[in-house]
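Take a look at the structure below.
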Amino acid sequence: MALFGGDDVYSVLVVDDETMDLIGLQQHIDWDKLGMNVVAAINNSFSALEYMKNNKVDILVTDINMPIMSGLEMVRQILEQRPQLRVVFVSGYSEFHYAKQAISLSAAGYVLKPVNDDELFEVLEGVKAELDSETTRSEWHKSEAVSQLLSGNYARTELTPSAGLSIGIIEMDDMHWKLRAAGLEKQTTAFDKQLQQIAELLMEMNLPYFCKTDEKRMVVILEGAQPQEQLKLVMQAVSSKLTWSVTAGVGTLVYELHQLPESYQCARDAIANKMFYGKGKVIPFTDIKPQTGLKAKQLSEVLDALFTALVQYQLVRVDECVEDLCALIKTFDDKHAVYVYLLHVISQLDFRLRTVNEDLYQILGLSFDKLDIVFQFETVEDIQWWLRSRLFQLSETLYQRKQKKNRKLIEEVEKYIMDHVEEELTLKDVANYFSFSPNYLGYMFKEEAGLNFSDYVIAKRMERASVLLQVPSTKVYEVANRLGYKKLSSFNRQFKDQFGLTPSDYRKQG
């Protein structure tokens with residue numbers, strides 16, 4: 001694993017059960033240019049899991065749909081032992097519940113098949129930039145130990161558990177919407193720069209046990225009985241150097257290394273309540289009121305369900321989620337809290353949609369700095385009407401874009417069939433060519449073309465046969481043979497099914 005600096009070569013493992021896809025992932029990407037090395041290419045999840053348990057791997061590029069153990073399940077298992085592993089999913093499955101599961105696993109990227117080499121290269125460049133920024137030798141030499149401890153594994157440290165340990169999470173505020181006008185590369189650079197400055201401050205304050213857990217969060221292990229005071233000092237230093245404010249969550253005190261995951265979970269629960277307690281402050285887990293903690297959990301669940309409903313064009317479910325969001329609004333005590341809540345909901349939806357390369361603000365023609373409309377609502381019913389109408393519009397647009405994308409793919413498949421109609425054509429072969437699973441391509445083909453794949457191929461072969469039969473010197477059996485029919489009777493039957501005449505009668509009629 002490349003732990004330090006940006007010039008090291010990162011080790012990459014590629015996993016796909018389709019041989020052609022596996023070869024393509026190895027050969028179509030300029031790994032040397034990325035500063036990466038494919039250390040192994042494996043065609044099943046079990047072998048890949050075993051390999052990662054015994055070898056250092058920085059980046060995993062894997063298919064999702066594989067027999068017996070899916071790529072998702074493999075990643076869940078390995079992340080328990082290697083939480084710092086970067087994962088890029090490459091899949092022929094465009095159903096967005098896969099994308100949602102990829103989000104829950106903190107995937108570094110999700111690329112649909114057929115793979116666009118430039119798109120995958122761009123994702124991998126982002127992964128490299130992230131790894132480079134978080135692994136500089138002077139600041140990040142203990143991050144692996146922290147990652148191991150957070151996942152419940154033993155790691156050799158100089159920490160003194162008997163003095164009391166707790167987990168602090170430092171999260172940058174408002175980064176996504178403040179930078180949303182910038183491109184992905186500029187966003188990543190800005191995130192990394194801010195976290196690098198936080199890392200330097202932690203080192204200066206003799207808090208060396210820290211690691212980055214996502215693009216806007218840093219986790220630090222705090223020693224002593226006053227972690228809240230330590231984090232306040234950190235935040236004072238941060239505010240003097242960063243252009244963004246930060247919020248911190250503090251977990252419970254523990255006295256054994258193996259208890260640190262419990263403190264980490266408490267810190268995550270604390271930072272999840274930022275919306276209710278405010279930004280730019282330290283939020284101790286012990287200060288969270290049970291009812292507020294429940295709100296945060298409920299909101300996260302509703303937003304996940306709403307995201308799924310939006311991308312799957314389930315308008316009834318969207319409406320139900322809007323009702324759930326508005327039910328939470330009714331639990332707030334003042335109007336200002338409601339407005340903050342609405343802005344948070346919109347921002348979180350945009351964040352989720354960006355994971356599938358969609359932009360909420362662009363689709364709806366909104367800009368975050370002009371969302372003053374939320375301050376004009378006088379009742380919860382007004383809010384519910386506005387949310388429902390805008391989210392219906394969003395779901396409709398996403399559906400139309402998906403249909404257009406699928407139509408373009410099927411047009412390419414139809415052209416491929418016409419170009420190879422005189423050759424042996426199977427759904428599996430065509431699916432392999434376009435880097436899709438046969439089942440999914442077959443399903444999508446029927447949805448778009450209105451015919452099963454095999455029926456469509458037969459229809460196109462019969463159309464080609466009708467053209468070939470117009471050449472008087474060509475025998476019927478020669479046409480059948482040219483189109484791959486070993487039995488003339490089968491050719492005659494299928495031709496008559498389509499045109500109502502046998503090939504001979506069709507020729508006579510012509």
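I'd like to compare 264-274, 444-454: which one has the highest average count of other Cβ atoms within 10 Å, and what's the full order after that? Don't jump to the answer; show the numbers that get you there.
Values: 264-274: 21.5, 444-454: 15.8.
The packing order, highest mean first, is 264-274, 444-454.
Once amide H atoms are placed 1.01 Å from N in the peptide plane, what residues at a sequence separation of 5 or more from S245, or on another chain, have their amide H within under 5 Å of its amide H?
Here D173 satisfy the definition.
What is the percent carbon and sulfur in the accessible area of the stretch 304-360, measuring with a 1.4 Å probe over the protein chains and ignoring ligands?
Ligands and nucleic acids excluded, carbon and sulfur reach 50 percent.
Nearest 20 debye, what's the magnitude of the dipole of the stretch 405-466 about its Cα centre given +1 on Lys and Arg Cβ and -1 on Asp and Glu Cβ?
On the way: 9 positive and 12 negative charges, 40 e Å.
For this selection, approximately 200 debye.
Which pairs, out of K113/K487; K53/K142; K53/K404, put more than 32 Å between their alpha-carbon atoms? Kindly include the intermediate steps, with their values, before the conclusion.
On the way: K113/K487 37 Å; K53/K142 20 Å; K53/K404 42 Å.
Beyond 32 Å between Cα atoms: K113/K487; K53/K404.
Assuming a viscosity of 1.567 mPa s and a temperature of 4 °C, what translational diffusion coefficient in µm² per second does Stokes-Einstein assign to the chain, Rh being the Kirkwood radius over Cα pairs?
Stokes-Einstein gives a translational diffusion coefficient of 50 µm²/s.
Quick one: ranking E378, E73 by accessible area, 1.4 Å probe, largest first, what do you get?
Of E378, E73, the descending order of accessible area is E378, E73.
Which whole-Hz couplings ³J(HN,Hα) result when phi for each residue of the stretch 47-56 is put into the Karplus expression 6.51 cos²θ - 1.76 cosθ + 1.60, θ = phi - 60°, listed in order with x for Gly and Pro?
Karplus values, whole Hz, x for Gly and Pro: 5, 5, 4, 5, 4, 5, 5, 10, 9, 6.
Only residues of the stretch 244-261 count here: report those whose backbone N is under 19 Å from the spot 7 Å along Cα→Cβ of A225, or say none.
251-257
Using θ = phi - 60° and the Karplus relation 6.51 cos²θ - 1.76 cosθ + 1.60, list the HN-Hα couplings for the stretch 236-252 in order, rounded to whole Hz, with x at every Gly or Pro.
Result, ordered by residue: 5, 5, 5, 5, 7, 10, 8, 8, 10, 7, 10, 10, 10, x, 10, x, 6 Hz.
For a quick check: with amide H placed at 1.01 Å from N, whose amide H comes under 5 Å from Y10's, ignoring anything fewer than 5 positions away on the same chain?
For Y10, the qualifying residues are M36, N37.
Considering only protein heavy atoms, what per residue accessible area in square angstrom results for the chain with a 1.4 angstrom probe? Intermediate results must be reported in sequence, preceding the final value.
Details: 24710 Å² over 510 residues.
Here the residues of the chain average 48 Å² of exposed surface.
For helix 335-354, report the angle its Cα long axis makes with the longest principal axis of the Cα atoms of the chain; keep it between 0 and 90° and round to the nearest 10°.
40
For I283, which sequence-distant residues (separation of 5 or more, or a different chain) have an amide H within less than 5 Å of its own amide H, given hydrogens modelled in the peptide plane?
A248, G249, V250
How big is the dipole moment of the chain about its Cα centre under a simple scheme where the beta carbon of each Lys and Arg is +1, that of each Asp and Glu is -1, and everything else is neutral? Debye, nearest 20, please.
Dipole magnitude for the chain comes out near 1080 debye.
Can you list the HN-Hα couplings for the stretch 309-325, worked out from phi with the Karplus curve (6.51, -1.76, 1.60; θ = phi - 60°), rounded to whole Hz and with x for Gly and Pro?
5, 5, 7, 9, 6, 9, 5, 5, 5, 4, 4, 4, 5, 4, 4, 5, 4
Hand me the GluC sites (Glu not before Pro) from the stretch 195-269 located in a DSSP loop with no more than 11 other Cβ atoms within 10 Å, in residue order please. Please list the in-between numbers first.
Numbers: sites: E200, E204, E215, E223, E229, E256, E262; in loops: E215, E256.
Taking the stretch 195-269 and a limit of 11 other Cβ atoms within 10 Å, the loop GluC sites (Glu not before Pro) found are E256.
Could you tell me which residue out of S473, A309, L233 lies farthest along the dipole of the chain toward its positive end? Charges go on the beta carbon: Lys and Arg +1, Asp and Glu -1, centred on the Cα centre.
Projecting each Cα onto the dipole axis, the largest value belongs to S473.
So how tilted is helix 260-272 from the main axis of the chain? Cα-based, degrees 0 to 90, rounded to 10.
It is inclined by approximately 80 degrees.
Where a ≥ b ≥ c are the square roots of the eigenvalues of the C-alpha gyration tensor, would you call the stretch 303-352 rounded, which needs a/c under 1.5, or, failing that, prolate if a/b is larger than b/c, or oblate? Before the final figure, lay out each step's value.
Details: a/c = 3.64, a/b = 1.66, b/c = 2.19.
In terms of gyration-tensor shape, oblate.
Between the stretch 385-417 and the stretch 206-260, how many Å separate their Cα centres?
Computed from Cα coordinates, the inter-centre distance equals 43 Å.
The values are calculated or read from the model by the stated rules, or taken from the named source; none is laboratory data. All of these numbers come straight from a predicted model, not from anything done at the bench. Don't worry about glycine lacking a Cβ; one is built from the backbone with ideal geometry, like all the others, and counts go over all protein chains shown. The protein model used for the area step is the full one, side chains on, heavy atoms only, and it has no ligands, DNA or RNA in it. Shrake-Rupley method; radii C 1.70, N 1.55, O 1.52, S 1.80 Å.
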